[in-house]
Amino acid sequence: MEGRYPETRLRRLRKNDNLRRLVRETRISLDQLVMPYFVRDGRNIREPIDSMPGQFRYSPDVLLEELQVLEEAGVRAVLLFGIPEAKDSSAFGAWDADGIIQKTCREIKKRFQDLLVMTDVCLCAYTEHGHCGVLDTNGCVDNDMTLQILQKTALSHAEAGSDIVAPSGMMDGVVHTIRQCLDQNQFHDTPIMSYSAKYASSFYGPFRDAAHSAPAFGDRKTYQMDPANIKEAMREIALDIAEGADIVMIKPGLPYLDVIREASTTYPVPVAAYAVSGEYSMVKAAAEKGYLDERKVMFEMMTSLARAGAQIFITYFAKNIALSKDTPEAAQVLALH
Ligand code: PBG
């Protein structure tokens with residue numbers, strides 16, 4: 001058979017490592033990684049998150065030590081989630097100038113001028129009922145009242161030193177509202193990364209345990225997207241761009257590669273993929289049982305997000321990827337290796 005169908009011998013380009021590297025279409029770089037962190041009040045705290053092995057809730061002082069390690073490993077961006085001491089119906093902790101995120105941003109900026117600090121702008125961890133907005137008298141999330149609180153929250157983050165604000169609550173009009181507020185307060189140069197296509201996904205389960213943000217009643221289906229829809233995701237993204245989003249995000253990542261692909265070919269803005277808590281924890285759980293190789297799977301997942309068209313990867317594996325940069329698995333995927 002050899003030589004009979006020469007045009008079909010794709011294996012010619014796969015026969016050794018250097019050839020495979022020569023023709024590889026997708027590579028990722030540490031520059032594209034964003035590491036999420038959960039931060040809580042207190043001192044000297046590094047509390048393991050049961051549902052996310054290897055992840056912790058940090059008090060600000062310990063987070064600073066962790067960021068030193070992260071930065072030395074080569075990760076340049078973080079996304080912060082706050083866990084407040086007290087919750088209430090107005091989500092005061094979210095926009096309090098001395099709230100956990102605001103305090104932490106100020107501390108980080110004193111020590112790490114170059115680290116890119118992104119902050120999640122949402123109310124679910126700050127409301128006693130755990131929904132992403134405040135409720136009207138019928139117990140439904142009141143979109144427009146929530147916008148008022150979200151703009152105060154985003155402004156307080158920017159004032160505390162956040163480099164990029166990231167509204168994640170899927171409220172209509174949130175990007176416009178935040179952009180207007182930032183501009184009116186001289187934060188013209190603070191970009192907005194919008195969680196534009198955020199699906200009502202069960203892959204967020206471990207996160208809600210981590211951030212103590214599970215809704216006390218009902219679910220998030222009235223504001224997050226139906227996993228069955230992709231055209232609607234394109235509408236969400238188009239609206240966010242029109243409202244002033246600088247970066248758009250698709251979330252979760254791996255189960256929504258088609259959405260990432262469609263968004264990245266349709267819109268001329270950077271597309272971020274959020275590989276969410278469930279994506280992380282299922283790999284950790286399987287690896288702990290010896291069912292799969294964590295490091296190989298981690299790199300394969302990132303490659304898939306990149307191949308689909310994502311340019312930014314928000315992942316709980318970010319630190320681990322950077323710490324693994326000199327391994328043979330990394331050599332296959334990482335740029336400049
Ligand atoms: C807050 C928010 C959530 C996540 C990011 N921001 C939880 C949710 O919507 O329930 C999930 C992230 C993850 O699962 O890693 N709205």
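None of the figures in this text is laboratory data; all of them are computed from the coordinates on show. All figures in this text were calculated on a predicted structure; none of them were measured in a lab. Ideal geometry is used to build each Cβ from the backbone, glycine not excepted, and the neighbour counts take in all protein chains shown.
Legend: ranking of residues 122, 181, 140 from fewest to most surrounding C-beta atoms inside 10 Å; resulting order 140, 181, 122.
For the chain, find the longest principal axis of its Cα atoms and tell me its angle to the long axis of helix 100-111, 0 to 90°, nearest 10. Taking the Cα atoms of the chain, the angle to 100-111 is about 60 degrees. Going through the cross-link list 231/296; 284/319; 103/152; 87/152, which pairs have a Cα-Cα distance over 22 Å in this structure? 231/296, as the Cα separations exceed 22 Å there. Extending 7 Å from Cα along the Cβ direction at residue 109 and again at residue 85 yields two label points whose distance is 2.3 nm.
Listed from fewest to most Cβ neighbours within 10 Å, the set 183, 114, 246 follows the order 114, 183, 246. Computed about the Cα centre, the dipole magnitude for the chain is approximately 1560 debye when only Lys and Arg (+1) and Asp and Glu (-1) carry charge, each at its Cβ. Between 0 and 90 degrees, the angle of helix 277-288 with respect to the longest Cα principal axis of the chain falls at about 50 degrees. Gain on full extension, evaluated as 0.36 nm per residue between residue 26 and residue 45 minus their Cα-Cα distance, stands at 2.9 nm. Mean-square fluctuations from a GNM of the chain, with a 10 angstrom spring cutoff on Cα atoms, peak among 198, 103, 15 at 15. Per the Debye formula on identical point scatterers at the alpha carbon atoms of the chain, with no solvent, log10 I(q)/I(0) at q = 0.07, 0.13, 0.15 Å⁻¹ is -0.29, -0.97, -1.30. Largest GNM mean-square fluctuation across 171, 145, 225, computed for the chain with C-alpha springs under 10 Å, falls on 145. For the chain, modelled as a GNM whose springs connect Cα atoms under 10 angstrom apart, the maximal fluctuation among 19, 182, 70 occurs at 19. By how many degrees, 0 to 90 and rounded to 10, does the Cα axis of helix 143-160 deviate from the longest principal axis of the chain? Its long axis makes an angle of about 80 degrees.
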